[in-house]
Ligand SMILES: C[S@@+](CC[C@H](N)C(=O)[O-])C[C@H]1O[C@@H](n2cnc3c(N)ncnc32)[C@H](O)[C@@H]1O
Ligand SMILES: [Zn+2]
């Protein structure tokens, strides 16, 4: 995280926000590693502090961790933070076989493979995947719905391994902050930002993975930053962003309505939210009561999700939920491809929407 980006983003204390107190901006505490780069000071490891509640928020491998409850974060993300990256591919593969299926290393490797392929597979140095339906293609389709190219500071909500943030910056955004909770993915995103080389494991078959590598030096790496935060409690002030990207996240969060509300909160008046979703609801992500459609097929919409989302975002929706967002444009059947292994690719059809932030009263 560049010092200039940290200052520009003005991160606020997520702990104060979560507990309903006024949330002050985080200030620099002890810095352990700072790299000097042509773009300025790059904060690699250190601490940010809340001047009100005094909670400490770490910077790890260049990623600012701004979560309300650091103990709960450590329980779920500690393994990824402590994972070593100095083992040879042979030793790592041998240990992967020994550890077998289902553990945290296995899950991390599978997820990194799936999202690494989706984000960087089209640029892979060896055996590149077709670009159609991968992340750069999806960002291009999403930004094409805007009346003008993106400008100002944007948020990439649920950024995963970071290609979307870089593509959004390449499309014109002045600065893009990618936010995710998954430290394994964020460390890869941050590595690509800092070095200009993206790496990821590519699953061939079973527990067999090949190293994936792609260069991204041609993308505007000096205009992206990555933050580990919960999309439900974003560490940003109201109206901080000119726009936000939320690709394939709506069905992955505990509260889809809460996610839309947070996006509406942080986007400035007349700003845009570019959102896509396959409505692939699952109870391990959100309880069924939280889904938009996907249940109650005896009702008016026969369980369909699209009319539920449209109802929620319509200006005259009378259920007391105001996300501050309305639909400005829609596209359906947008392809999204997730490659699981060398012989298997999941092909989703996305519902893509451009939402407009209604002016605050
Ligand atoms: C299906 S993936 C989509 C990733 C990326 N936008 C894409 O389209 O390739 C969903 C992402 O949302 C992240 N995510 C899920 N719940 C989150 C939360 N509450 N806060 C932050 N990120 C979250 C996951 O870690 C994951 O990277
Ligand atoms: Zn605080």
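A short reminder: the numbers here are calculations on the coordinates, not readings from a lab. This structure is a prediction, so every number in the text was calculated from the model and none was measured. Cβ coordinates were reconstructed from backbone atoms using ideal geometry, including for glycine residues, and neighbour counts include every protein chain displayed.
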- Message: For q values of 0.23, 0.24 Å⁻¹, compute log₁₀ I(q)/I(0) with the Debye formula on a Cα-only model of the range 206-267, without solvent.
- Response: -1.00, -1.04
- Can you quote the Å³ per residue value for the convex hull of the Cα atoms in the chain, rounded to an integer? 143
- Gain in length, residue 84 to residue 54, computed as 0.36 nm per residue apart minus the alpha-carbon separation, to one decimal in nm? 7.8 nm
- Computed FRET value (nearest 0.05) for residue 140 with residue 282, which takes r as the C-beta separation and R₀ as 35 Å: 0.80
- P(r), alpha carbons of the range 45-106 - 10 Å bins starting at zero, rounded %: 18, 39, 24, 15, 4
- Task: Calculate, in nm to one decimal, what residue 30 and residue 125 gain on full extension: separation in residues at 0.36 nm each, minus their alpha carbon distance.
- Result: 30.3 nm
- Message: Can you give the FRET efficiency to the nearest 0.05 for residue 349 and residue 300, using r as the Cβ-Cβ distance and R₀ = 22 Å?
- Response: 0.45
- Message: As a footprinting exposure proxy, order 348, 19 by other Cβ within 10 Å, with the fewest listed first.
- Response: 19, 348
- Order by neighbour count: 259, 119, 110, 301, fewest other Cβ atoms within 10 Å first, most last. 301, 110, 259, 119
- Helical mean residue ellipticity (222 nm; -39500 (n - 2.57) per DSSP H run of 4+; nearest 500) of the chain: -8000 deg cm²/dmol
- Taking N as the number of residues in the range 1-137, what value does Rg over Cα atoms divided by 2.2 N^0.38 Å take? 1.31
- Normalised Cα Rg of the range 84-216, dividing by 2.2 N^0.38 Å with N its residue count, works out at 1.11
- Stick to Cα atoms and the Kirkwood definition of Rh, then tell me Rg/Rh for the range 227-361. 0.97
